[in-house]
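Right, one structure below, let's go through it.
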Amino acid sequence: MNTTESSSHHDHLEHKSVHELLVGINQEDKSVPQAIEKIIPSIEALVKVVVEKMKNGGRLFYIGAGTSGRLGILDASEIPPTYGMPHGKVIGLIAGGDTAIRRAVENAEDDKEQAWKDLREYEINSGDVLIGIAASGRTPYVIGGVKQARLQKIVTGCITCNSGSELAASVDYPVEVVVGPEFVTGSTRMKAGTAQKLVLNMISTATMIQLGRIKGNKMVDMQLTNHKLVNRGVRMIMDELHIDEAKAEALLKKFGSVRAAINNFK
């Protein structure tokens, strides 16, 4: 059922005040976490297989077009600095290539063969997991990619916002977050995009925790790439070891990471 393209009960938007528009958008947004709550078991099943594969050295791939592709790239790009994972363990690909991150590439999402060509450049194999992201569940680029991957015995999942889609039928672990019609009809960067972002947060965060990249609730493996993160690291060490700021700074400088500083404290 294609609800992402259906018209909502909100109409005559051009005649509404700014306040009315904002209240309407907010009302629609409130439904997103409720829709996700209903399908947590589906997300759980996907996360468990991602963790299993990554524990054995596998990688996680995302493919998508437009907003969906950008969200996958965003999630993948934040894994190394947040969790200290090597680059190339979580990889996001978008129809149209890197150009499409900033500017739409005409007809890129309609090529059902291109995703597999893109994935082959990374030598994707049966040790990896591929998640296709498409609000409609109909994007040829994504469907073509997951179908070919499945033929190669690669574990596949998807995140879509329609029920009973071709994409969901084409993967091993479908995640269908049905958020209903958009405030602006068909503008799936809104509720559908929010739903996809929240599910991606859940998948990658739960996976990294299961892989041991968090201590307590702290990002002890984060990359210390600016003063804010260095200061955060110092505070983590102070809290964990019950030492003063000067000692924490010295440990962080000596060992280069929060985890190493904590583990080597004597």
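Read-outs: derived from the displayed coordinates by stated rules, not from any lab. Source: prediction; values computed, not measured. Quick reminder, even Gly has a Cβ in these numbers, built from the backbone with ideal geometry, and neighbours come from all protein chains shown.
Miscellaneous remarks
- For the chain, excluding the exposed loop sites themselves (chymotrypsin sites (Phe, Trp or Tyr not before Pro), DSSP loop, at most 14 other Cβ atoms within 10 Å), the longest remaining stretch covers 123-264.
- Taking the Cα atoms of segment 104-160, the ratio Rg/Rh between the radius of gyration and the Kirkwood radius comes to 0.96.
- Of every Cα-Cα pair in segment 103-217, the percent that sits beyond 24 Å: 31
- At the listed q of 0.11, 0.18 Å⁻¹, the Debye profile of segment 1-148, built from one uniform point per Cα, gives log10 I(q)/I(0) equal to -0.54, -1.17.
- Here segment 197-266 is treated as a sphere whose radius is the Kirkwood value from Cα pairs; by Stokes-Einstein at 37 °C and 0.692 mPa s it diffuses with a coefficient of 259 µm²/s.
- Approximate shape of segment 62-171 as ellipsoid semi-axes (Cα gyration tensor, √5λ), whole Å, largest first: 19, 17, 13
- Choice from L151, L252, L119 showing the highest fluctuation, given a GNM over the chain with Cα pairs closer than 10 Å: L151
- Of G157, G127, G69, the one that fluctuates the most in a GNM where the chain has Cα springs shorter than 10 Å: G127
- Helical contribution to [θ] at 222 nm, DSSP H n ≥ 4, -39,500 (n - 2.57), averaged over the chain, rounded to 500: -15000 deg cm²/dmol
- Compactness of segment 177-216 - radius of gyration and Dmax, Cα, Å: 14.2, 43
- Across K218, K228, K55, mean-square fluctuation computed from a Gaussian network of the chain (C-alpha pairs under 10 Å connected) peaks at K228.
- Exceedance of the 19 Å cut-off in Cα-Cα distance is limited, within the set K48/K153; K55/K254; K48/K89; K55/K89, to K55/K254.
- Whole-Å semi-axes of segment 18-66's equivalent ellipsoid (Cα gyration tensor): 35, 15, 7
- Computed from the Kirkwood radius of its Cα pairs, the Stokes-Einstein diffusion coefficient for the chain at 4 °C and 1.567 mPa s stands at 65 µm²/s.
- Of the GluC sites (Glu not before Pro) in segment 1-88, those whose Cβ has at most 15 other Cβ within 10 Å and which sit in DSSP loop: E5
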